[in-house]
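*Asks:* Below you'll find the structure I mean.
Here, each number is a calculation from the coordinates, and none is a lab measurement. Model, not experiment: these values are computed from the prediction. Heads up, the Cβs are rebuilt from the backbone with ideal geometry, glycines too, and the neighbour counts pull from every protein chain shown.
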């Protein structure tokens, strides 16, 4: 064989990809005993893990070749520098803070369903901004691999995408993005997501796939299409089933559909009469009719909810029609079980979880029970045909991904909506089987998935993929150039539970011990989630190079989770710079940026401080000079000018409040006393930096801000959502910046802005108290902003009042069964800070345990003081 056809991988040369694959699979087999000791190793047999893997590029377990790839890639960087394709001193000073609006409507996004994913075009924005060709990026919560898809598209962009990005980059930065190859390491706990990632990020011939898939489909259809035909040869599109119920009044069994559904008028009743006794039945309290039968897969008798086919939707030469199912058709469906080879069905049991109560109440406990007998027969035969199809391993793998992509509508979680007069798919992020499940024909769905999966995927083996815990990435220190990640957020989605069906077919299951979620069944509350996500971020911090960036995609409506994410980032060492909007191509509700919840997708940008800064700071950490070293370093990383529409807009991170919060977090996470109070901090800001529109800049930055604002002179403040006292002060400051106002002027605005927005348990002082503590009043009775000197004096008096209030909470919390049902959060902040400075950690923990839990978890400052104190008591 000529050298042109040989393949070199990690210094080893092979005659073909199959030879390479065989060699590395055997090497992986030898390493499995050691790899099994690592966090996140999946649950499954060795052979199934090996068969799924394509080493060294993809392993369905921790990847033992990562360090080898890192070393090789670092050498390749030198060659790219020689070619002028990258710079040795490449540095991004400020974070990417532009809102992004990209569509989900892309073939690769829709090819395979999953609970959540970020469109790859969104991620491309960050890769093209924060990295240059040759850089190594990481995503250890990779899901279905959109990060890898984005990497491939940075090297081989579609024509329209390249034109769009070139135009947008020219408008934003005055240059085109630097296209070219990047390297990517992807990981996830889930075997199914890693398998999806591998298949959509590695080169595949769409023509070869289409030819193979069509051959398999044709054979499948020829053998079993009779199962979805009526007596006259019409094709059945779908069958609506109905659960059977037991009347609580007369104990008779009836078909729910017949009692509760008016099919002609698209009405489903929530209360309906029993067909036999006419007694009123409430659906949510209805009793399922269970049928005890012998299960040939489990080889024992089981009790499952009884379902009856009621309506068929079919197509003939005359059109598409619907009618009630006939007796002979029901009998045909019932007879299907006789021809199923039950020995080929995976025996996969559904574990108890937060999302499993719905199937359990119907007696569904195993994989095969989620399917009608007819669809189970067809899917088993489809998989058998793929197993027996003669082709190379890469194509075989892609045929299996086609098989798994067909699962989303072919089980009994597919629902019929009477109101919409059609089937509407499974309920998102649940394992819910409705009272009217819909059995659709696999033939038209499987065929449609051939087209969906006929994708042009070009890769250069620059993406390495593994199944591993994000808290132990298997990487060396300081080796990653950029991180983009979309981690789980609290109890949003129960990934390991919801992946049950896919992973059961793969015969490899997620090891959810280290799954970073809140889950009652796994005994993971918000504190356990916090510790897990902190471990993951700490690992990210360890492997990221100093002075490099990370972007975290966030989406959750829980204020506690929002603060947990922010706190865990800061606790691990990262410094947050910006929080920007990710619309994902759909209109979002107004987001709340600050210490409360968000209800849209956001991108959190943060950086790992440079080694030079850490050295400078450590020299002056116990002095005021250390404070201003931090502020100077942080301001250098913040965006200088932002435009919203046709207006210059506020950069909230440049406000005194947020700068002081970042300073506190920086000191506390390093176990250092904060050497300055809020009043002196604001005074020092004004002495050392330049203020514009309520924001602070260095001398160099303010010149750029003034120049850019002159081109977009209209200025718009960010709307302030008042949900706590800090927000209220900031809101009043914004109002009084315009002009002094009396209490009579402010009161109606105050009532409109504040009423109903406060957190439960958080005591907000009267408006007059906040005015007296933070502002000054002139001879006309108008309140106005104090000058820096007066502001510092006011801050001292305010702190004294807050600490006095804190003493009252301390007295109450010290009682044997004392509870602080409501508290002024600002008093808690001041008191926690004072106790921290005095090393009185016991008081922080004692009060933290006695205040409402939501106050602790929803306030970034309280949470960090409490967490540090807990570790020192």
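*Asks:* Calculate, in nm to one decimal, what residue 74 and residue 303 gain on full extension: separation in residues at 0.36 nm each, minus their alpha carbon distance.
*Replies:* 76.5 nm
*Asks:* Report the relative contact order of region 297-346, percent, no decimals, based on alpha-carbon pairs under 8 angstrom and at least 6 residues apart.
*Replies:* Dividing the mean separation by the residue count of region 297-346 yields 31 percent.
*Asks:* Order of 497, 753, 18, 349 from fewest to most other C-beta atoms within 10 Å?
*Replies:* In order of increasing Cβ crowding within 10 Å: 349, 18, 753, 497.
*Asks:* Right, another one. Name the shape class, rounded, prolate or oblate, that the alpha-carbon gyration tensor gives for region 610-801, where a ≥ b ≥ c are the square roots of its eigenvalues, rounded holds for a/c under 1.5, and otherwise prolate holds if a/b is larger than b/c and oblate otherwise.
*Replies:* Because a/c hits 1.5 or more and a/b fails to exceed b/c, region 610-801 counts as oblate.
*Asks:* In the set [x] 27; [y] 31; [z] 20, which value of percent of Cα pairs over 56 Å apart was calculated from the structure you see?
*Replies:* Only one option fits the structure, namely [z].
*Asks:* Now for a separate question. How much length, in nm to one decimal, is gained on full extension between residue 749 and residue 803, taken as 0.36 nm per residue of separation minus their Cα-Cα distance?
*Replies:* Length gained between residue 749 and residue 803: 16.5 nm.
*Asks:* Region 1-147: Rg/Rh from Cα coordinates, Kirkwood Rh?
*Replies:* Here the Rg-to-Rh quotient is 1.01.
*Asks:* Pairs of Cα atoms under 8 Å, at least six residues apart: use those to get the relative contact order of region 610-801, whole percent.
*Replies:* Reported as a whole number, the value is 20 percent.
*Asks:* May I pose another question? Nearest 5 percent is fine: what portion of the DSSP beta bridges confined to region 610-801 is antiparallel?
*Replies:* 80
*Asks:* For residue 18 and residue 105 in the same chain, what is the full-extension length gain: residue separation times 0.36 nm, less their Cα-Cα distance, in nm?
*Replies:* 27.8 nm
*Asks:* Nearest 0.05, what FRET efficiency do residue 163 and residue 391 give at R0 = 35 Å with Cβ-Cβ as r?
*Replies:* The pair residue 163/residue 391 has a calculated efficiency of 0.45.
*Asks:* In percent, how large is the relative contact order of the chain, given Cα pairs closer than 8 Å and 6 or more residues apart?
*Replies:* 13
*Asks:* May I pose another question? Along each of the three principal axes of the Cα atoms of region 608-712, give the extent in whole Å, ordering the values from largest to smallest.
*Replies:* So the extents along the principal axes, rounded to whole Å, are 44, 30, 21.
*Asks:* Most exposed first by the Cβ proxy, i.e. fewest other Cβ within 10 Å, how do 820, 825, 424 rank?
*Replies:* 424, 820, 825
*Asks:* Against the longest alpha carbon principal axis of the chain, how many degrees, from 0 to 90 and to the nearest 10, is the axis of helix 699-711 turned?
*Replies:* 70
*Asks:* Further, regarding this structure: Between residue 30 and residue 460, what is the spin-label point distance in nm, taking each point 7 Å from the Cα along the Cα→C-beta axis?
*Replies:* With each label placed 7 Å out from Cα toward Cβ, I get 3.1 nm.
*Asks:* Taking the convex hull of the Cα atoms, report for region 802-873 its projected area averaged over all directions, in nm².
*Replies:* That works out to 4.1 nm², a quarter of the Cα hull's surface.
*Asks:* Another question, if that's okay. Rounding to the nearest 10 and keeping the result within 0 to 90°, find how far the Cα-based axis of helix 206-224 lies from the longest principal axis of the chain.
*Replies:* On a 0 to 90 degree scale, this one is about 40.
*Asks:* A follow-up question, please. If one takes the longest principal axis of the Cα atoms in the chain, at what angle in degrees, from 0 to 90 and to the nearest 10, does the Cα axis of helix 860-870 lie?
*Replies:* 90
*Asks:* Rounded to the nearest 5, what % of DSSP beta bridges with both residues in the chain are antiparallel?
*Replies:* If I count the DSSP bridges inside the chain, around 75 percent turn out antiparallel.
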